[in-house]
Amino acid sequence: MAKRTKVIISAAITGAIHTPTMSPYFPASPEQISRQAVDAAKAGAAVVHIHARRDDGMPVGDFATFRRILSAIRRETDAVIGITTGGANGMSTEERFSVIEEFQPEMASANGGSMNFCYHKLAAQLQNPLHEWEVPYVTRTYDNVFKNTFQDMEYCIRTMNKYGTLPEYEVFDYGQLSNLAFFKKEGVITQPIYIQFVPGVMGGFPMSNEGMLFMIDQAKKLLGSDIQYSTVAGGRRMFRYATMMALQGGNVRVGMEDGLYITPSGELAVSNAAQVAKIKGILEALDYEIASPGEARELLHLKGGDKVNF
């Protein structure tokens with residue numbers, strides 16, 4: 001096994017699943033997103049993963065809103081800023097991918113394939129919604145396909161290669177590892193491989209210790225033992241699975257995109273920074289060293305924060 005390096009903490013600030021009604025602490029507006037991203041970085045996150053939302057919390061993909069958020073974060077922190085290409089349900093692939101050419105970030109999500117991405121049951125948490133858009137937005141995912149064809153994926157990867165943006169491959173199911181192996185064999189994948197496993201989504205592979213160990217093992221066999229990886233751990237199991245990933249030689253991710261809680265009992269996290277502080281404390285108690293933004297750039301072979309377009 002390779003010599004252990006420092007652990008990179010990523011914070012996924014807002015995502016495109018949760019809605020403002022679900023937690024009073026949820027960062028819904030552009031100002032709340034940028035403020036919580038900066039605070040998460042100060043708490044120890046070397047990477048912040050960003051989705052855009054308008055003032056009422058509705059996920060959007062327009063450049064003006066994204067630039068408003070990204071520039072505010074960059075003014076106050078040296079953290080690596082990653083951008084979503086997953087966007088939000090209802091967005092076209094063109095809209096989702098256009099942010100790469102526009103902003104040329106250091107890293108961005110690159111989805112491993114199409115899937116039935118469903119979270120309609122979250123509507124049970126919206127008995128008295130703050131905004132009219134929330135219930136329809138959540139319930140329509142019962143008839144939703146998250147489209148990432150081979151053509152889509154190739155375009156996304158090649159665009160990131162062109163602008164020096166590291167793909168963060170989001171893998172929702174076992175077969176998507178084969179998709180990445182295909183693009184590696186074809187020479188489309190030219191940058192180091194960094195995988196963000198995404199278990200536990202209705203439509204993807206279940207979340208379990210055995211399942212995660214299997215996915216890590218198969219990813220190394222298909223894509224090489226030198227890959228780097230982390231995992232999304234949705235809901236109340238965030239800290240258990242993040243810790244497991246560190247124990248398996250990976251990095252960790254927390255944040256309100258993935259879960260709104262700070263304890264399994266259902267206590268709400270008051271901020272992304274609180275989640276970062278908790279996982280940082282766990283890792284340090286286990287004698288892991290935490291990577292700074294500069295060290296994360298070195299470990300992930302990133303182009304540098306001075307080469308983005310925001």
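The values are calculated or read from the model by the stated rules, or taken from the named source; none is laboratory data. Quick caveat: nothing in here was measured; it's all calculated off a predicted structure. Ideal geometry is used to build each Cβ from the backbone, glycine not excepted, and the neighbour counts take in all protein chains shown. These area figures cover heavy atoms from the full protein model, side chains too; ligands, DNA and RNA do not enter into them. Shrake-Rupley method; radii C 1.70, N 1.55, O 1.52, S 1.80 Å.
Considering amide H positions built from the backbone, and no H for Pro or chain starts, which residues 5 or more places from Tyr261, or on another chain, come under 5 Å of its amide H?
Ala269
At a threshold of 8 angstrom on Cα-Cα distance, excluding pairs fewer than six apart, so keeping six or more, what relative contact order does region 47-92 reach in percent? Don't skip to the end; give the middle numbers.
On the way: 42 pairs, mean separation 23.0, N = 46.
Normalised by residue count, the contact order of region 47-92 is 50 percent.
Taking only protein heavy atoms into account and a 1.4 Å probe, give the accessible area per residue of region 1-62 in Å². Intermediate values should be presented prior to the final figure.
Working: 2130 Å² over 62 residues.
For region 1-62, the solvent-accessible area averages 34 Å² per residue.
Under the rule a/c < 1.5 gives rounded, and otherwise a/b versus b/c splits prolate from oblate, where does region 79-160 land using the Cα gyration tensor? Let's see the in-between values first.
Working: a/c = 2.78, a/b = 1.74, b/c = 1.60.
Prolate.
Please figure out what share of the DSSP beta bridges in region 1-108 is antiparallel and state it in percent, rounded to the nearest 5. Please list the in-between numbers first.
On the way: 2 of 11 bridges.
Counting DSSP beta bridges with both partners in region 1-108, the antiparallel share is about 20 percent.
A 29 angstrom limit on the alpha carbon distance is what I want to check against. Which of Lys42/Lys307; Lys162/Lys221; Lys42/Lys221; Lys162/Lys280; Lys184/Lys280 exceed it?
Values: Lys42/Lys307 22 Å; Lys162/Lys221 27 Å; Lys42/Lys221 37 Å; Lys162/Lys280 34 Å; Lys184/Lys280 33 Å.
The answer is Lys42/Lys221; Lys162/Lys280; Lys184/Lys280.
Only Cα pairs under 8 Å and at least 6 apart count here; give the relative contact order of the chain as a rounded whole percent. It would help to have the intermediate numbers written out before the result.
Values: 624 pairs, mean separation 75.2, N = 310.
Relative contact order, the chain: 24 percent.
With contacts defined as alpha carbon pairs under 8 Å and 6 or more residues apart, what's the relative contact order of region 197-310 in percent? Numbers along the way, then the final one.
Working: 112 pairs, mean separation 19.2, N = 114.
Computed over region 197-310, the figure is 17 percent.
Give the long-range amide H neighbours of Ile50: residues separated by 5 or more places, or on another chain, with amide H under 5 Å away, using H modelled in the peptide plane at 1.01 Å from N.
Those qualifying (amide H under 5 Å, at least 5 residues apart or on another chain) are Gly82, Ile83, Thr84.
Tell me, what HN-Hα J-couplings in whole Hz come from the Karplus equation 6.51 cos²θ - 1.76 cosθ + 1.60 at θ = phi - 60° for each residue of region 74-86, using x for Gly and Pro?
Rounded to whole hertz, the list is 5, 5, 10, 8, 9, 4, 5, 10, x, 10, 6, 10, x.
Have a look at Lys147, Lys121, Lys42 and tell me which one the Gaussian network model of the chain (Cα, springs below 10 Å) gives the largest fluctuation.
Lys121
Any idea of the accessible area per residue across region 229-310, 1.4 Å probe, to the nearest Å²? Mind showing how you got there, number by number?
Details: 3260 Å² over 82 residues.
Accessible surface, normalised per residue, equals 40 Å².
Determine the percent antiparallel among the DSSP beta bridges restricted to the chain, to the nearest 5.
Roughly 15 percent of the DSSP beta bridges within the chain come out antiparallel.
Could you pull out every residue, at least 5 positions away or on a different chain, whose amide H is within less than 5 Å of the one on Asp62? Hs are placed 1.01 Å off N in the peptide plane, and Pro or chain starts have none.
none
Give me a comma-separated list of calculated 3J(HN,Hα) values for region 235-252, in order, Karplus coefficients 6.51, -1.76, 1.60 applied at θ = phi - 60°, integers in Hz, x for any Gly or Pro.
x, 8, 9, 3, 6, 5, 6, 5, 5, 4, 5, 4, 5, 9, x, x, 9, 10
How would you classify region 213-310 from its alpha-carbon gyration tensor, with a ≥ b ≥ c the square roots of the eigenvalues: rounded for a/c under 1.5, else prolate if a/b is greater than b/c, otherwise oblate?
On the way: a/c = 1.77, a/b = 1.22, b/c = 1.45.
Here region 213-310 falls in the oblate category.
In the chain, carbon and sulfur make up what percent of the accessible area (probe 1.4 Å)?
Details: 6700 of 12860 Å².
Roughly 52 percent, rounded to a whole number.
Between beta-carbons, use under 14 Å as the cut-off and find the net charge around Val270, counting Lys and Arg +1, Asp and Glu -1.
Numbers: positive: Arg35, Lys278; negative: Asp39, Glu267.
Once all neighbours under 14 Å are counted, the net charge is 0.
Considering only the other residues whose Cβ falls under 15 Å of the Cβ of Gln32, what net charge follows from Lys and Arg at +1 and Asp and Glu at -1?
Values: positive: Arg35, Arg53, Arg54, Arg68; negative: Glu31, Asp39, Asp55, Asp56, Glu76, Glu257.
After counting each charged neighbour, the total is -2.
Can you compute the helix-only [θ] at 222 nm over the chain? Use -39500 (n - 2.57) per DSSP H run of at least 4 residues, normalise by all residues, nearest 500 deg cm²/dmol.
Numbers: 10 runs with 117 residues, N = 310.
Using -39500 (n - 2.57) per qualifying helix, the result is -11500 deg cm²/dmol.
How big is region 54-102 by Rg and Dmax over its Cα atoms, in Å?
Cα-based Rg and Dmax for region 54-102 come out at 11.4, 32 Å.
Under a 1.4 Å probe, what is the accessible area of region 78-138 per residue, stated in Å²?
Numbers: 2350 Å² over 61 residues.
It amounts to 38 Å² per residue over region 78-138.
Where the convex hull is taken over the Cα atoms of region 109-224, what is its projected area averaged over directions, in nm²?
Values: hull surface 34.2 nm².
Here the figure is 8.5 nm², rounded to one decimal.
Given axes a ≥ b ≥ c from the Cα gyration tensor, I'd like to know whether region 1-70 is rounded (a/c under 1.5), prolate (a/b larger than b/c) or oblate. Intermediate values should be presented prior to the final figure.
Details: a/c = 2.35, a/b = 2.00, b/c = 1.17.
Prolate shape, in that a/c is at least 1.5 and a/b is the bigger ratio.
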